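Below is one structure, written out as structure tokens; comments come after it.
The values are calculated or read from the model by the stated rules, or taken from the named source; none is laboratory data. Since the model is a prediction, treat every value here as computed from it, not as a measurement. Cβ coordinates were reconstructed from backbone atoms using ideal geometry, including for glycine residues, and neighbour counts include every protein chain displayed.
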Amino acid sequence: MHQRRFRGLILAVICILFFVVSFPMNEWFCETMPRHQLLQLPAMFFLGMIAALLFSKYPAIDTSWGIAILILIMASFVFWMLPHSIDAAVINPWFNRVMHLNMVAAGFLIMMISGNIIFEIKIAFFWMVSAMVLAIGITLKSFNILLCSSFTIGQQSETGFYLLIAGFVLFLVTMFIFFHGLASRSRNRKILSAN
Amino acid sequence: MKKILIPVVALAICLLVIWKWTYGFTAFTIFSYTLKEAGTNPRVFPDIAMIDQDSNVFHIRDKHKYVLINFVYLNCPYVCHKVNNQLEQIYHLADPSLVPSQLQFITMSFDLKNDDVQKIRKYRSYFGKDIEGWTFTLPFQTRETDFANFLNKIGVWKYMVPSTGIINHSIYLFLVSPDQKIVSVFDPARQTNEQIIQKIESCIKEDSGD
């Protein structure tokens, strides 16, 4: 009973945060490109992840559905990183809210499938995401022409710089998880063969 | 088989959505999307009354020659002036037998609220005196909504950033034929001056049967 109440409280906090980021604070987040792309978008994704943590059991998902969900999540990132989508989202707050819901759903789904999907696919997915973030970072940093009409070239370049850092950090973290996973696998194999 | 099909269908749906959203993976920015949405060339250049730096009111259709038209925002902090500097180079590189007898350059201001004839006359003076075939204009007695419709029809995106008041817009150059059709669109950020001139001259020469 106590745990249920705690979950309900956390869920309420998530809903309030979603509302605050999506409604009263939306104008502030849409004022500059780094705020919109580096704060608002990931904030929604992390809210989705936190919401997923409240559930102790997820429906069992086989590998093919897991891959399909990862494709949908990846496509969501690609879609909301397109300059056309960014402009449309900044100009139309309701379109921006579609992005918010999509990111919350993406965060929720990634947590939901993470326990079900095999290690190699997870690593491949995170490497693809880091490659995508790095590619977008390079594009935004190096392009000397305005890609989004809602922002300035300076903001575009700044966003590119931080995306480069984010992509690099994500790449390193994935590398660490990969080699850590490999090491624990070989340890397990040794234990099994010793037995 | 079914197991492979699920991710393949998911990928196909995602690609379809992005394909539709980007006009077949060709328009990734709102500038290129607006241009694609306006239609393929050749297409009609909508009529609009303009007033030039000497207070003469005219229509492009009355010019009876090719017109290379671009748009400028005089308070632009950076890009517009760069584009107009490039246009100045194109003007001087173009075949003198074509400009201004067969080809006219027109630069039109976006800013209906702040720009006037004096401002565009002053702005034109920055480009020297030997630019007889280059006219700087403003839309004449045009309401904001009509001007927005005009821009939409030709495929120019214009957006005023609420926090700064700066107008961000497409920087395309439109080549309009004497029968008032957009025959070619150039992107000065991606095309060189030589490529632009070559295309303009080939259009004019093709038309005159050379």
- Residues located in segment B:132-163, provided they are touching a residue at least 12 places away in the same chain (Cβ under 8 Å), part of a loop (DSSP other than H, G, I, E, B) and either under 18 Å from residue B:30 (Cα atoms) or polar (S, T, N, Q) (or both): B:141, B:142, B:155, B:156, B:157
- Query: Just wondering, is there one or more residues in segment A:31-49 that are within 13 Å of chain B (Cβ to nearest Cβ), surrounded by 21 or more Cβ atoms within 10 Å (Cβ to Cβ) and assigned to a helix (DSSP H, G or I)?
  - Reply: yes
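Take segment B:26-62 and flag every residue that is assigned to a helix (DSSP H, G or I) and polar (S, T, N, Q).
Within segment B:26-62, the first condition is being assigned to a helix (DSSP H, G or I), and the residues that meet it are B:30-37, B:60-62.
Selection gives B:32, B:34.
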- Query: Taking segment B:164-189 on its own, how many of its residues are part of a loop (DSSP other than H, G, I, E, B), within 14 Å of chain A (Cβ to nearest Cβ) and farther than 15 Å from residue B:87 by Cβ?
  - Reply: 3
- Message: With the requirement that a residue be surrounded by fewer than 18 Cβ atoms within 10 Å (Cβ to Cβ) and either within 12 Å of chain B (Cβ to nearest Cβ) or among the hydrophobic types (A, V, I, L, M, F, W, C) (or both), what does segment A:131-152 give you?
- Response: A:131, A:132, A:135, A:138, A:139, A:143, A:144, A:145
- Query: When segment A:141-182 is examined, which residues are found to be part of a helix (DSSP H, G or I), free of Cβ contacts under 8 Å to residues at least 40 places away in the same chain and under 25 Å from residue B:158 (Cβ atoms)?
  - Reply: A:153, A:154, A:157, A:160
- Message: Any residue at all in segment A:92-106 that's more than 25 Å from residue A:22 (Cα to Cα), of a type in the set (A, V, I, L, M, F, W, C) and either part of a helix (DSSP H, G or I) or modelled with pLDDT of 95 or more (or both)?
- Response: no
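Conditions tested, residue by residue: (1) more than 12 Å from the chain's Cα centre (by Cα); (2) farther than 17 Å from residue A:38 by Cα; (3) basic (Lys, Arg).
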{"position": "A:68", "(1), (2), (3)": "yes, yes, no"}
{"position": "A:78", "(1), (2), (3)": "no, no, no"}
{"position": "A:85", "(1), (2), (3)": "yes, no, no"}
{"position": "A:89", "(1), (2), (3)": "yes, no, no"}
